[in-house]
Amino acid sequence: MSATLRATFRPWLRRSRRLVHGAMASAPLRGGLTLWHWPGEAVRILTYHSLGRDDEPLDAWTVVRRSDFLKQVDLLRTRFDIVDLDRALAGEPGPRPFAVLTFDDGHRGWVDHLLPIVRRENLPVTLYVATGHVETGQAYWFDRLMNTLQVAAPARIDLSARRMGMFTVGESAGLDNWLCISDLLERLKQEPLDVREAVTDDIERQLRDAPRRAVEPICPLTPGEVRSLADQPGITLGSHSHCHRLLDQIGVADALASIDHSRSLLKAWTGRRVAHFAYPNGNHTAALAAGIERLGFASAATSDHGVWSPGESRFAIRRLNVGRYDDLQRFAYQATYRRSSQG
């Protein structure tokens, strides 16, 4: 699709996404769906990325407000047993269905906001760490971009020289602004990594003097913080690759090397065995799944929407994605959703 066509259809796509979001959160629809029940062995594995302060004016789907997360945990506990990933995968059903809380990437919010909750609530969680940004201390391109786009006034970004058209961010706040940011992120995911990095550099230059919102930047953990998390009872550590590339866009051998390197680093930092993996961005193939199993992992999680049941593949596990703009009604719908992405 050309830049002109994308610019033409982008407002319509945003309106459509807002309508879908609102419909899924509606009380009448939710009320009908929550009457449906999965068999007791079905597992809801929820995907988060990071947590942040309640009062922070951050427009990033990946950073859930701390109080919203606590409300979601309380809601889950009314209907499910929140268990660690190993117990859920063991296929031994309890008196109630299982739910598993997973977090991807490896952001500082895990230490600042999640860890106190884990300790106080005795909450089991699985943390999938992408080790590249932890090792270097430099954020991946997508986090750099989200940080850069937290502007306090409307800002125009000119990418016409790269045949990507024009983007405007900061005209609003909240979901509408996030949809603008998300459009740009999704557009860049279609490009090779060197182009993504170069475009991110270009946008940083264009917005260097733009007024900024008072937000904490999204930044990676340190190896010492990863170690402290691994030492916390209830926390299961998993790999999220080293490179955080879209693994279906690179060779299988390179992808598996990145995964194995990540596991080796995590073991070196923590002294712990790493048995679980999550595909960056959820991108996966049958060849990748087979390779990850050969590496000796016990599971690999996707971002495909749905629930997982014992007997299904452990190397293409479906999850339920949760973000900043999922209010409690929509979250309730997600948690009781009956159909999977595979029908």
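The values are calculated or read from the model by the stated rules, or taken from the named source; none is laboratory data. Please read these numbers as outputs of a predicted model, since none were measured by experiment. Note that each Cβ is placed from the backbone with ideal geometry, even for glycine, and that neighbours are counted across all protein chains shown.
Hey, any hits in the stretch 201-224 for a residue that's surrounded by 17 or more Cβ atoms within 10 Å (Cβ to Cβ) and hydroxyl-bearing (Ser, Thr, Tyr)?
No: the stretch 201-224 contains no residue that is surrounded by 17 or more Cβ atoms within 10 Å (Cβ to Cβ) and hydroxyl-bearing (Ser, Thr, Tyr).
From the set of residues in the stretch 68-112 that are farther than 17 Å from residue 41 by Cβ and in contact with a Ser or Thr (Cβ under 6 Å, 6 or more places away or on another chain), which is surrounded by the most Cβ atoms within 10 Å (Cβ to Cβ)?
By that ranking, first place goes to 107.
List pairs: first residue in the stretch 168-181 and at pLDDT below 90, second residue in a loop (DSSP other than H, G, I, E, B) and surrounded by fewer than 20 Cβ atoms within 10 Å (Cβ to Cβ) anywhere in the structure, Cβ distance under 7 angstrom, at least six positions apart or on different chains.
none
Could you tell me which numbered condition residue 328 fails, if it satisfies all but one of (1) surrounded by 15 or more Cβ atoms within 10 Å (Cβ to Cβ); (2) under 27 Å from residue 181 (Cα atoms)?
(1)
Which one of these does residue 267 not meet: (1) free of Cβ contacts under 8 Å to residues at least 12 places away in the same chain; (2) crowded, with 22+ Cβ neighbours inside 10 Å?
(2)
Go through (1) modelled with pLDDT under 95; (2) touching a strand residue (DSSP E or B) at 6+ places or on another chain (Cβ under 6 Å) for residue 248 and report which single condition fails.
(2)
Within the stretch 137-161, track down each residue that is assigned to a helix (DSSP H, G or I) and either touching a residue at least 40 places away in the same chain (Cβ under 8 Å) or acidic (Asp, Glu) (or both).
141, 142, 143, 144, 145, 146, 147, 148, 160 - these are the residues of the stretch 137-161 that are assigned to a helix (DSSP H, G or I) and either touching a residue at least 40 places away in the same chain (Cβ under 8 Å) or acidic (Asp, Glu) (or both).
Would you mind stating whether residue 120 is under 28 Å from residue 46 (Cβ atoms) and without any contact (Cβ under 8 Å) to a residue 40 or more places away in the chain?
yes
Return yes or no: is residue 235 of a type in the set (Val, Ile, Thr), in contact (Cβ under 8 Å) with a residue 60 or more places away in the chain and assigned by TED's automatic domain parsing to the domain that holds residue 45?
yes
Consider residue 254 carefully, then state whether it is assigned by TED's automatic domain parsing to the domain that holds residue 114, surrounded by fewer than 16 Cβ atoms within 10 Å (Cβ to Cβ) and either without any contact (Cβ under 8 Å) to a residue 12 or more places away in the chain or touching a Phe, Trp or Tyr at 6+ places or on another chain (Cβ under 9 Å) (or both).
Yes.
Identify all residues within the stretch 270-282 that are surrounded by fewer than 21 Cβ atoms within 10 Å (Cβ to Cβ) and not basic (Lys, Arg); write none if there are none.
270, 271, 275, 281, 282
Quickly run through the stretch 132-149 and pick out the residues that are touching a Phe, Trp or Tyr at 6+ places or on another chain (Cβ under 8 Å) and farther than 11 Å from residue 107 by Cα.
Matches in the stretch 132-149: 132 only.
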